[in-house]
Each structure stands twice: as C-alpha cells, then as structure tokens.
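Student: Before anything else, here's the structure in question.
The values are calculated or read from the model by the stated rules, or taken from the named source; none is laboratory data. Computed from a predicted structure; not experimentally measured. Quick reminder, even Gly has a Cβ in these numbers, built from the backbone with ideal geometry, and neighbours come from all protein chains shown. SASA here: full protein model, heavy atoms, side chains in, ligands and nucleic acids out. Shrake-Rupley method; radii C 1.70, N 1.55, O 1.52, S 1.80 Å.
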Amino acid sequence: MSVRLEASSLSIGYGERLVVDSLDLSILGGTVTAVIGPNGCGKSTLLKALGRLLPARSGAVLLDGKQIESMSTRDVARVLGMLPQAPSAPEGLTVADLVARGRHPHQSWYRQWSSDDAAAVDAALEMTGILDLAERTVDELSGGQRQRAWISMALAQGTDLLLLDEPTTYLDLAHQIDVLDLVQELHASMGRTIVMVLHDLNLAARYADNVVAMRSGRIVAQGSPAEVLTEEMLLEVFGLDARVVEDPVSGTPLVVPVGSRHRLP
C-alpha cells in the first residue's frame with residue numbers, strides 16, 4: 001500500500017499558540033485511521049491541516065507525494081473530501097441540493113451541470129441509504145440522517161480519501177453505530193481511505209485499522225488498536241485508570257474505566 005497523505009515535521013497553531021509541534025504521520029491507502037486523544041490535544045487541528053483548511057507554521061503536508069499547499073483548491077477537492085465537525089447548512093436547503101454541492105470541483109465555466117453530476121448525486125444518496133430523503137430539507141432530518149447527508153456530499157465529490165472530524169458528535173449510540181457502519185461499508189466495498197477523529201475509544205478500536213493517539217500536540221502511540229490501546233497508554237495520554245479486555249463481539253480491545261468508586265485501596 002502506498003502513502004496517500006503524509007505530515008512531515010508539521011507544526012500548526014492559532015495566533016501565538018502552537019497546537020501541533022513537529023508531527024510526522026503517514027496514512028496508507030485503503031486504510032481506516034482513527035485519531036484519538038483528550039480535548040485540546042490537537043486532533044481536529046491536525047485534520048484541518050491535512051485537509052488544507054489550516055496552513056502549516058512549518059513542515060509540510062503531502063497529498064499523493066505533492067505538497068498540498070502547492071496544489072490548486074480544485075485539484076485537492078477532486079482527491080480529498082472533508083467533513084468538518086458539526087457542519088451547518090443554509091435554512092431550507094434540500095438534501096439533494098446539499099449533496100449537489102459536492103460536484104462543484106468538477107465544474108467550470110465551460111462544464112456546467114450534467115447528467116454525470118446528477119448520476120453522481122443519486123449514487124451518493126443511494127450508497128448512504130437516503131435517496132428517499134432527497135427532497136427533504138436538511139434541517140428536518142434526524143442527527144443520524146443529517147450525518148449521512150453530509151457524508152453523501154463528500155462522496156459526490158468522487159474522492160477516495162475522506163477526512164471526518166468527529167462524525168458521531170451529538171449522536172446517540174444507535175446513530176453512532178449507524179454512521180460508523182456506513183463508514184466501514186464505504187471502506188470495505190469501495191476501498192476508500194478514511195481518517196476520522198473519534199472520542200469513543202471502543203468505537204475507534206472496533207472500526208479502525210490504525211489508531212493514532214495524541215497528547216499535547218504530539219503523537220504518543222500509533223499502530224493497530226491492540227498495539228495502541230493499552231492500559232499504560234490510557235494512563236499516559238488520558239490520565240485514565242482502566243482495564244483493557246477483549247470485546248466479546250468484535251474481538252478488539254475494550255476499554256473499561258476503573259473510576260474512584262471501584263479502585264482498590
């Protein structure tokens with residue numbers, strides 16, 4: 001597998017504050033990577049830089065071997081799709097119109113909306129199971145349906161590299177599983193390369209091939225879920241006293257917090 005997305009000695013910040021410091025990361029094609037870590041550790045900041053939404057202070061982001069800063073916005077959008085945290089749509093926008101916005105990178109003054117674009121929108125809606133909601137407005141949808149609509153827009157771009165920033169935020173557990181099952185299906189059936197920021201460690205273990213654990217703007221551990229989700233890492237990164245056992249359903253690591261009530265004297 002080749003490297004699709006790479007951060008090399010990457011430093012990122014806001015104003016005077018440095019958030020990510022000299023970070024190195026390689027994302028292999030055809031894999032699902034989950035980025036985990038405590039609040040404020042730089043997960044979302046890293047994803048924004050990987051998606052060229054935030055410029056690097058130093059170092060570089062490489063997309064298929066090219067410096068992403070040197071590429072045009074249209075060229076990046078034809079390869080990489082990004083779903084930001086808690087995205088919002090204009091009031092009254094239909095699902096079909098939202099998803100159609102994913103086709104903008106493929107249009108220009110000499111190539112306007114075509115039957116190929118319409119087919120791409122329908123295919124994206126069908127893949128996410130919401131073709132019957134095409135004429136509904138986005139603000140009418142449930143949280144899980146809304147996330148599917150936004151993922152549909154990213155799919156309509158026709159990219160095979162997706163960055164998802166906390167795609168399960170504000171969803172109940174059933175809808176979290178629903179969205180992550182969809183992500184897994186996109187990966188399994190279409191070979192999509194996916195990088196997602198997740199808060200739930202057990203869902204990260206179940207759905208990701210690789211896990212990247214961050215703390216204070218640096219990567220502390222990366223590898224398979226079994227390699228990364230250890231009791232030692234949980235204490236170092238999250239300050240969490242926990243036991244790691246085997247998930248009886250998936251066989252992946254299952255994090256069981258101890259808490260003060262059950263801690264032995």
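Student: Based on the alpha-carbon gyration tensor of the range 18-65, what equivalent-ellipsoid semi-axes (square roots of 5 times the eigenvalues) come out, in whole Å, largest first?
Tutor: Gyration-tensor ellipsoid for the range 18-65: 17, 15, 9 Å.
Student: Give the Cα extents of the range 41-191 along the principal axes, in whole Å, largest first.
Tutor: Reported extents, whole Å, longest axis first: 45, 44, 33.
Student: Mean-square fluctuation check for the chain, GNM, Cα pairs under 10 Å: which of Pro38, Pro90, Pro55 is largest?
Tutor: Answer for the Gaussian network model of the chain: Pro90.
Student: For the range 122-189, give the percent of accessible area contributed by carbon and sulfur heavy atoms, probe 1.4 Å, rounded to a whole number. Kindly include the intermediate steps, with their values, before the conclusion.
Tutor: Details: 1350 of 2760 Å².
The value for the range 122-189 is 49 percent carbon and sulfur by accessible area.
Student: Could you work out how far helix 173-190 tilts from the main Cα principal axis of the chain, as a 0 to 90 degree angle to the nearest 10?
Tutor: 70
Student: Determine the per residue accessible area of the range 147-265 with all protein chains present and a 1.4 angstrom probe, expressed in square angstrom. Intermediate results must be reported in sequence, preceding the final value.
Tutor: On the way: 5480 Å² over 119 residues.
Solvent-accessible surface per residue comes out at 46 Å².
Student: Ignoring everything except DSSP H segments at least 4 long, calculate the 222 nm mean residue ellipticity for the chain; use -39,500 (n - 2.57) per segment, divide by total residues, nearest 500.
Tutor: Estimated from H runs of four or more residues: -9000 deg cm²/dmol.
Student: Return one number: the angle in degrees, 0 to 90 and rounded to the nearest 10, between the long axis of the Cα atoms of helix 143-156 and the longest principal axis of the Cα atoms of the chain.
Tutor: 60
Student: When the chain is fully extended, how far beyond the present Cα-Cα distance does Asp122 get from Arg136, taking 0.36 nm per residue of separation?
Tutor: Values: separation 14, 0.36 × 14 = 5.04 nm, distance 1.43 nm.
So the chain would gain 3.6 nm between Asp122 and Arg136.
Student: A further question on this structure: Could you give each residue of the range 87-104 its phi-based ³J(HN,Hα) in whole Hz, using Karplus coefficients 6.51, -1.76, 1.60 with θ = phi - 60°, and x for Gly or Pro?
Tutor: Taking θ as phi minus 60°, the curve returns x, 10, 10, x, 4, x, 6, 7, 4, 4, 5, 4, 5, 4, 5, x, 8, 4 Hz for the range 87-104.
Student: Checking the a/c ratio against 1.5 first, then a/b against b/c, what shape does the Cα gyration tensor give for the range 117-178? Show your work: numbers first, answer last.
Tutor: Values: a/c = 2.19, a/b = 1.27, b/c = 1.72.
Verdict is oblate for the range 117-178.
Student: Determine, from the Cβ-Cβ distance of Lys66 and Ser224 and an R0 of 22 Å, the FRET efficiency 1/(1 + (r/R0)^6), rounded to the nearest 0.05. Spell out each step's value before the answer.
Tutor: Numbers: r = 29 Å, r/R0 = 1.30.
My answer for the efficiency is 0.15.
Student: Report, largest value first, the span of the C-alpha coordinates of the range 29-92 along each principal axis, in whole Å.
Tutor: Cα spread of the range 29-92 along its principal axes, largest to smallest: 35, 35, 28 Å.
Student: How big is the Kirkwood radius of the range 148-230, worked out from every pair of different alpha carbons and given in Å to one decimal? Can you show the working numbers first?
Tutor: Working: mean 1/r = 0.0736 Å⁻¹.
The answer is 13.6 Å.
Student: Let me ask you something else. Using only the C-alpha atoms of the range 204-261, find the volume of their convex hull and express it per residue in Å³.
Tutor: On the way: hull volume 4.5 nm³, N = 58.
Dividing the Cα hull volume of the range 204-261 by its residues yields 78 Å³.
Student: Roughly speaking, to the nearest percent, how much of the range 60-109's 1.4 Å accessible area is carbon and sulfur? Kindly include the intermediate steps, with their values, before the conclusion.
Tutor: Details: 1290 of 2610 Å².
C and S atoms contribute 50 percent here.
Student: Kirkwood Rh, Cα Rg: Rg to Rh for the chain? Present the calculation step by step, with values, prior to reporting the outcome.
Tutor: Values: Rg = 19.1 Å, Rh = 19.4 Å.
Rg divided by Rh gives 0.98.
Student: Using 15 Å as the cut-off for backbone N distance, which residues of the range 45-70 belong to the label zone defined by a point 7 Å from the Cα of Ser9 along Cα→Cβ?
Tutor: Counting backbone N atoms under 15 Å from the label point, the list is 56-62.
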